[in-house]
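First the structure, in the form of structure tokens, and then the observations on it.
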């Protein structure tokens with residue numbers, strides 16, 4: 001949610017942000033109209049209630065000959081107060097509804113356009129030339145199946161499409177990768193957190209995921225009415241809902257480990273083979289609460305953390321600055337790190353890091369106390385540090401012609417010193 005005072009004073013900036021996102025510019029005027037109606041209705045209600053209280057005091061001290069008239073007048077005022085309160089409540093509801101539809105204000109530096117209008121910030125590493133090495137690379141599913149590490153067939157049998165089993169050395173590789181991510185995060189001052197994967201509707205809405213991404217989320221209805229999270233960002237954002245934080249000693253940094261669930265609505269026919277686009281995966285997510293003026297610096301720090309992890313798994317990647325029209329509603333700016341996938345001949349997203357400024361904090365009422373004793377909204381940021389999809393890039397970029405897979409050097413201590421995953425004759 002945005003600051004209404006900012007919208008009143010800088011409607012042009014908010015409208016320009018909406019335009020860049022490809023979202024309704026008229027919504028800004030709707031918010032301002034509903035704000036005026038809300039304030040006017042509240043003023044009428046408060047004036048009528050004050051008059052009702054004053055008349056009530058007169059009744060108590062009135063001459064018996066005047067009391068009947070005053071009582072009748074009090075009843076009339078009571079009906080008016082009820083009427084004005086009703087109008088004020090409806091106006092407040094309309095205002096809140098309009099405000100919650102507005103997306104965050106895009107940072108001026110973010111590229112304009114849609115999904116394909118990103119800007120490549122940097123490329124790191126050089127893709128392997130498999131032709132020069134004399135063999136055709138296998139895709140991650142063929143590799144994972146050959147080492148009895150990925151079993152899609154039985155995943156589908158048990159749970160349906162886009163589910164899978166990870167087994168043996170590939171399952172160990174995922175745990176190794178996520179543990180390595182946690183170790184790195186802790187070294188950088190993040191607090192390790194295992195988060196709930198079911199959240200209340202208010203928390204899911206507060207993070208901004210019930211806007212354009214609502215159809216991606218699994219919802220458990222009666223009797224529970226809860227949502228399965230698609231990232232631990234949701235639980236980590238909700239953890240300090242309705243709290244005043246002390247950020248005098250620096251930002252609060254959390255590292256959340258959780259299973260994540262996504263419906264992949266609208267993904268029919270996309271990435272149907274393997275584990276690139278699945279309904280359940282594990283992830284280590286970074287989440288930061290900081291002072292408003294520190295959010296840009298924290299954003300670069302999270303991006304640096306992601307690059308540090310990608311260097312450890314030794315895959316070529318690029319960093320892209322996501323265009324405004326492809327940002328989630330809560331993000332003011334987002335950078336993605338995309339790894340090279342040899343069999344697809346293109347880069348695929350492995351991480352994203354978003355600066356959500358005060359958008360989520362306003363919706364969840366998370367504040368800090370400042371020098372003059374008042375409070376203000378904090379800024380929140382998030383970033384992926386490792387997730388199941390990373391296995392795709394690791395397997396494909398570290399394969400040999402015989403189907404064996406080198407384990408990246410940094411991961412070997414987490415896999416008992418093992419250096420290579422060998423193919424097996426065991427039927428997967």
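The values are calculated or read from the model by the stated rules, or taken from the named source; none is laboratory data. Treat the numbers as computed from the prediction; the structure is a model and nothing was measured. Cβ sites come from the backbone with ideal geometry, for glycine too, and all protein chains shown count toward neighbours.
Only one entry in 273, 259 is closer than 23 Å to residue 216 by Cα, assigned by TED's automatic domain parsing to the domain that holds residue 156, part of a strand (DSSP E or B) and more than 13 Å from the chain's Cα centre (by Cα), namely 259.
Would you check if residue 109 is under 30 Å from residue 300 (Cα atoms), modelled with pLDDT of 90 or more and loosely packed, with under 13 Cβ neighbours inside 10 Å? Judged against the criteria, residue 109 is a match. Within the range 200-246, the set of residues being in a strand (DSSP E or B) and touching a helix residue (DSSP H, G or I) at 6+ places or on another chain (Cβ under 8 Å) comprises 226, 227. Take the conditions (1) loosely packed, with under 13 Cβ neighbours inside 10 Å; (2) outside any helix (DSSP H, G or I); residue 157 misses just one of them, which is (2). Go through the range 321-350 and give me each residue that's part of a strand (DSSP E or B) and modelled with pLDDT under 95. Passing the criteria: none in range. Taking the range 183-199 as the range and being touching a strand residue (DSSP E or B) at 6+ places or on another chain (Cβ under 7 Å) and either exposed (fewer than 15 other Cβ atoms within 10 Å of the Cβ) or in a strand (DSSP E or B) (or both) as the test, the residues that pass are 186, 189, 191, 192, 193, 194, 198, 199. Against the test of being part of a helix (DSSP H, G or I), out of contact with any strand residue (DSSP E or B) (no Cβ under 8 Å at 6 or more places or on another chain), over 19 Å from residue 285 (Cα atoms) and at pLDDT 95 or above, the options 176, 131 yield a single qualifying residue, 131.
For the range 297-326, a residue qualifies if it is closer than 25 Å to residue 3 by Cβ, in contact with a helix residue (DSSP H, G or I) (Cβ under 9 Å, 6 or more places away or on another chain) and surrounded by 22 or more Cβ atoms within 10 Å (Cβ to Cβ), and the qualifying residues are 323, 324.
Residues checked against (1) surrounded by 15 or more Cβ atoms within 10 Å (Cβ to Cβ); (2) under 20 Å from residue 96 (Cα atoms); (3) modelled with pLDDT of 95 or more:
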residue: 12; (1), (2), (3): no, no, yes
residue: 26; (1), (2), (3): no, yes, yes
residue: 31; (1), (2), (3): yes, yes, yes
residue: 38; (1), (2), (3): yes, yes, yes
residue: 48; (1), (2), (3): yes, no, no
residue: 52; (1), (2), (3): yes, no, no
residue: 62; (1), (2), (3): yes, no, no
residue: 71; (1), (2), (3): no, no, no
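Of the residues 383, 417, the single one that is in a loop (DSSP other than H, G, I, E, B) and more than 30 Å from residue 157 (Cα to Cα) is 417.
Here's the yes/no breakdown for (1) under 34 Å from the mean Cα position of the chain (by Cα); (2) crowded, with 20+ Cβ neighbours inside 10 Å; (3) more than 30 Å from residue 261 (Cβ to Cβ); (4) assigned by TED's automatic domain parsing to the domain that holds residue 253:
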{"residue": "387", "(1), (2), (3), (4)": "yes, yes, no, yes"}
{"residue": "399", "(1), (2), (3), (4)": "yes, yes, no, yes"}
{"residue": "402", "(1), (2), (3), (4)": "no, no, yes, yes"}
{"residue": "407", "(1), (2), (3), (4)": "yes, yes, no, yes"}
{"residue": "413", "(1), (2), (3), (4)": "yes, no, yes, yes"}
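Beta carbons closer than 8 Å, at least 6 apart along the sequence or on distinct chains, pair a first residue in the range 187-199 that is assigned by TED's automatic domain parsing to the domain that holds residue 240 and modelled with pLDDT of 95 or more with a second that is surrounded by fewer than 19 Cβ atoms within 10 Å (Cβ to Cβ) and part of a strand (DSSP E or B) for 197/259; 198/220; 198/226; 199/226. The set of residues in the range 200-223 that are touching a strand residue (DSSP E or B) at 6+ places or on another chain (Cβ under 8 Å), over 30 Å from residue 250 (Cβ atoms) and either outside the structural domain of residue 309 (by TED's automatic domain parsing) or touching a residue at least 24 places away in the same chain (Cβ under 8 Å) (or both) comprises 201, 217, 218.
In the range 276-310, of all residues being over 18 Å from the mean Cα position of the chain (by Cα) and without any contact (Cβ under 8 Å) to a residue 60 or more places away in the chain, the one that is nearest to residue 124 (Cα to Cα) corresponds to 304.
As a summary of the residue check, residue 355 satisfies the conditions (1) buried (at least 23 other Cβ atoms within 10 Å of the Cβ); (2) within 26 Å of residue 127 (Cβ to Cβ); (3) within 15 Å of the chain's Cα centre (by Cα) except for the one numbered (2).
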